[in-house]
1. Between region 91-149 and region 216-251, how far is it from one alpha carbon centroid to the other, in angstrom?
2. For a paramagnetic label modelled at 7 Å from the Cα of residue 251 toward its Cβ, which residues of region 128-151 fall within the zone defined by backbone nitrogen distances under 11 Å?
3. Order 86-92, 410-416, 357-363 from most to least packed using the mean count of other Cβ atoms within 10 Å.
4. Work out the FRET efficiency for residue 21 and residue 178 from their Cβ-Cβ distance, taking R0 = 30 Å, and round it to the nearest 0.05.
5. Could you tell me which of rounded, prolate or oblate describes region 231-339, using a ≥ b ≥ c as the square roots of the eigenvalues of the alpha-carbon gyration tensor, with rounded for a/c under 1.5 and, failing that, prolate when a/b is larger than b/c and oblate otherwise?
6. From the backbone phi of region 369-384, what are the Karplus-calculated ³J(HN,Hα) couplings (6.51 cos²θ - 1.76 cosθ + 1.60, θ = phi - 60°) in whole Hz, Gly and Pro given as x?
7. Hey, with R₀ at 35 Å, roughly what FRET efficiency would residue 60 and residue 314 work out to, going by the Cβ-Cβ distance, to 0.05?
8. Would you work out if region 176-218 is rounded, prolate or oblate? Take a ≥ b ≥ c from the square roots of the eigenvalues of the alpha-carbon gyration tensor; rounded if a/c is under 1.5, else prolate when a/b is larger than b/c, oblate otherwise.
Amino acid sequence: MTKLINDFDRVRDWDNAHFLHPWEAMEDHGRNERTFVEAASGIHVRDETGRNLIDGPGGMWCVQIGYGREEMGRAIAEQAVNMAYYSPYSMGHSAAAELAAKIAERTPGDLNKVFFTTGGSTAVDTAIRFLHFRNNVLGKREKKIVISRQKAYHGSSYLSASVSGKERDRNWFDFASDLVHFLPDVNPYRRPEGMTVEAFLDAKVEDLESAILTLGPNRVAAFIAEPILASGGVIVPPAGYHKRCFDICRKYDVLYISDEVVTGFGRLGHWFASKDVYGITPDIITCAKGMTSGYVPMGACIISDRLVDEISGASAKGAIFSNGYTYSGHPVAAAAGLKNMEIIEREGILEHVRAVTPHFQERMRALADLPIVGDVRGEGLMGCVECVADRVSRNPLALDKEVGTRIDAHCQELGLIVRPLINMCVFSPPLIITADEIDRMFDILAEGIRRASDDLAREGLWAA
């Protein structure tokens, strides 16, 4: 790889002076000491010093097929040279049409209408705009409220952020608060002391039904749910939760939006988790991330035929779904999506995920023996290690709200990147990871946790 410049002090100055990063901590703006990733291959990235690091987060939950795929690069380059752009508003293109057809072949039920977006946020934004548009055409103009969950993350556009329930992301922004209602946390680890998981499940389902009845079924348009609440800390709801919530939605004519931006395209060993893992066929699925393995940006909002048929043709009332993006169905992104699906199928990556998942989960759960660890949880190739001051109170703040960052720093020294979230470390490595690489990843993570624990004990922040 040829670098633009070898003087990374200068590059860091440029970065701090001119690149306002996502989720920038404004107190640190202009003074960050970020790791620079300059090359990558397989499950590893290479930093500015030439050090190879296992990419524990898989980019941002997205690098399914791994880095450095020459055939992916060729597919992208060939499409860019042959025909880089077309207007999706008035014309079509074969790559986008083929990708839509291949996605529709793999979605459950009648989810056959694929609206391409630029990423996950715009996919969720599109889903919400569509359900509002649909209800307006049907004469249900008061049916607009979306029910979501605390700890859920659905994006950072205005509408998708409005239905996201991560507390720290809501401190300084405005939201469409009149369009959303939040239900309490669905994390079994945080259930009341003495409550069984079964009773907790009943309470979470009751949360949804009670909210619909209180707000009024005539006003509630949809319930949006991640199969696993990824950015909230890989929260895995109790078994049966999604099916029971789906049944409640059907009972009251409330649409079910399954946000599979993270779980779609193989993270749990299936193209989509909604049906194959959780037994539901939602009305809308949103996806992004893994659909191109992060090689180029792309997302999609996949809508059931039933919903579209209700407001099209003779029932359209002259309506135009005036929602879209300059880069909807971009031919280069579509070419990447097609090549990504080809590689996943040809190499049996979905089957591989299902084969290595038990080992991944077993190695992760062994970390529960470390004294600073309160909970380990996950499904498929997704995981979270949550650290607490003590296992009785489950209090993370008495420990150190930046303990995840401390663990990540130690892990980077040892050859692993993890994604720190306050007192948690989450990971979702490339789906091609082998059993030996899983062992190496968790060996490093265990040592990183031990070193962070030692630091905290020396500083009096934790009693060993």
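1. Cα centroid of region 91-149 versus Cα centroid of region 216-251: 18 Å apart.
2. Flagged as within label range: none.
3. Listed from highest to lowest mean packing, they are 410-416, 357-363, 86-92.
4. 0.45
5. oblate
6. 6, 6, x, 7, 8, x, 8, 10, 7, x, 7, x, 9, 10, x, 9
7. So the FRET efficiency works out to roughly 0.20.
8. Because a/c hits 1.5 or more and a/b fails to exceed b/c, region 176-218 counts as oblate.
We did not get these values from a lab; they are worked out from the coordinates using the rules stated. Source: prediction; values computed, not measured. Note: ideal-geometry Cβ built from the backbone for every residue, glycine included; neighbour counts use all protein chains shown.
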